[in-house]
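The structure under discussion appears below in the form of structure tokens.
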Amino acid sequence: MLWEPRALAGGAGGLLVLHHGAVDDYLAFGPLSSAVYIAARAGAIDCTAAFDLAAAWLEYHPQDPDATELASLSIECTQASQPRMVQAARRLLATANFHPGFKEEPGWLTGLEDAMHQVNRDAAATGISRPCRLRVYDNDTSPGGNAYVETWDGYTGTSGGVYPADGADPVSALVAVAEDAQEALMEALWAVWPVCPVHRLGVHARDHEKAAVWWCAGDGGHAVAPIGGW
């Protein structure tokens with residue numbers, strides 16, 4: 001593959017960097033973002049990937065300081081520059097509004113699967129004998145690759161599923177999975193689920209005082225049970 005010099009940041013002090021002549025900046029940015037994010041988590045970024053990411057961003061944002069720094073450091077490509085490359089890459093990805101998915105953060109899916117087990121315990125405690133399962137949309141169906149709850153007979157909710165980042169925190173994981181499971185189960189049962197045993201009102205998942213609970217609006221509102229502890 002041929003390399004050619006290309007000015008990516010113009011004007012005085014502009015950065016002259018080497019650019020992959022064959023890289024399509026727009027199409028390459030998503031996969032490059034994923035690769036650099038995964039590498040940044042590990043603490044060591046491939047210099048070529050880092051440079052290509054920076055070049056793709058500088059194509060449309062020629063004065064961006066983080067992309068400029070990342071491109072410069074990737075040309076140096078020294079072990080000593082790795083910590084700065086990691087920090088610059090993280091700032092650039094944040095600026096670019098890159099949202100990691102389960103590929104980049106597999107632990108998030110584990111967190112959601114754990115939450116699914118907890119919600120299934122609540123379903124069983126309320127008389128639903130068959131468990132729901134957590135699935136993941138492929139990227140052709142859902143650009144974000146969200147997870148979603150599916151009942152034993154194929155019913156799902158209508159909200160678009162559970163965002164990967166909900167799995168980053170146990171409380172948000174429980175609330176998000178419980179909400180999606182509630183939608184799916186009510187579609188399957190054609191009934192409100194779950195129901196407050198005191199007020200006979202439908203309850204909703206929420207974060208209450210840093211705990212995931214089933215919340216009833218009766219008598220001014222109260223927690224019926226922790227999610228997973230019905």
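Mind listing whichever residues of the range 209-227 are more than 23 Å from the chain's Cα centre (by Cα) and not charged (D, E, K, R)? Result: 214, 215, 216, 217, 218, 220, 221, 222, 223, 224, 225, 226. The residues of the range 41-84 that are of a type in the set (Asp, Glu) and more than 19 Å from residue 95 (Cα to Cα), listed by number, are 46, 76. Within the range 181-227, the set of residues being part of a loop (DSSP other than H, G, I, E, B) and under 18 Å from residue 148 (Cα atoms) comprises 193, 227. If you filter the range 185-213 down to residues that are touching a Gly at 6+ places or on another chain (Cβ under 9 Å) and among the small types (Gly, Ala, Ser), you find that the one that is surrounded by the fewest Cβ atoms within 10 Å (Cβ to Cβ) is 188. Of all residues in the range 36-54, those satisfying the criterion of being surrounded by fewer than 24 Cβ atoms within 10 Å (Cβ to Cβ) and either closer than 23 Å to residue 105 by Cβ or of a type in the set (A, V, I, L, M) (or both) are 37, 38, 39, 40, 41, 42, 43, 44, 46, 49, 52. Cβ-Cβ contacts under 6 Å between residues 6 or more apart (or on different chains), taken from a first residue in the range 39-63 that is farther than 12 Å from residue 75 by Cα to a second residue that is modelled with pLDDT under 95 and assigned to a helix (DSSP H, G or I), are listed as 53/32; 56/25; 56/28; 56/29; 59/25.
I'd like to check something: does the range 129-136 contain any residue that is surrounded by 15 or more Cβ atoms within 10 Å (Cβ to Cβ) and assigned to a helix (DSSP H, G or I)? Looking through the range 129-136, none of the residues is surrounded by 15 or more Cβ atoms within 10 Å (Cβ to Cβ) and assigned to a helix (DSSP H, G or I). Per this entry, residue 127 is counted among residues that are in the same structural domain as residue 177 (by TED's automatic domain parsing) and out of contact with any strand residue (DSSP E or B) (no Cβ under 7 Å at 6 or more places or on another chain).
For the range 144-162, which positions are over 16 Å from residue 205 (Cα atoms), within 12 Å of the chain's Cα centre (by Cα) and crowded, with 17+ Cβ neighbours inside 10 Å? Scanning the range 144-162 gives 145, 146, 147. If you take the residues in the range 91-105 that are in a helix (DSSP H, G or I) and in contact (Cβ under 8 Å) with a residue 24 or more places away in the chain, which one is nearest to residue 54 (Cα to Cα)? Once the filter is applied, the top-ranked residue is 92.
All of (1) part of a helix (DSSP H, G or I); (2) in contact with a helix residue (DSSP H, G or I) (Cβ under 6 Å, 6 or more places away or on another chain) hold for residue 149 with one exception: (1).
The values are calculated or read from the model by the stated rules, or taken from the named source; none is laboratory data. Just so we're clear, the structure is a prediction, and the values are computed from it rather than from any experiment. Glycine also receives a Cβ, built like all others from the backbone with ideal geometry; neighbour counts cover every protein chain displayed.
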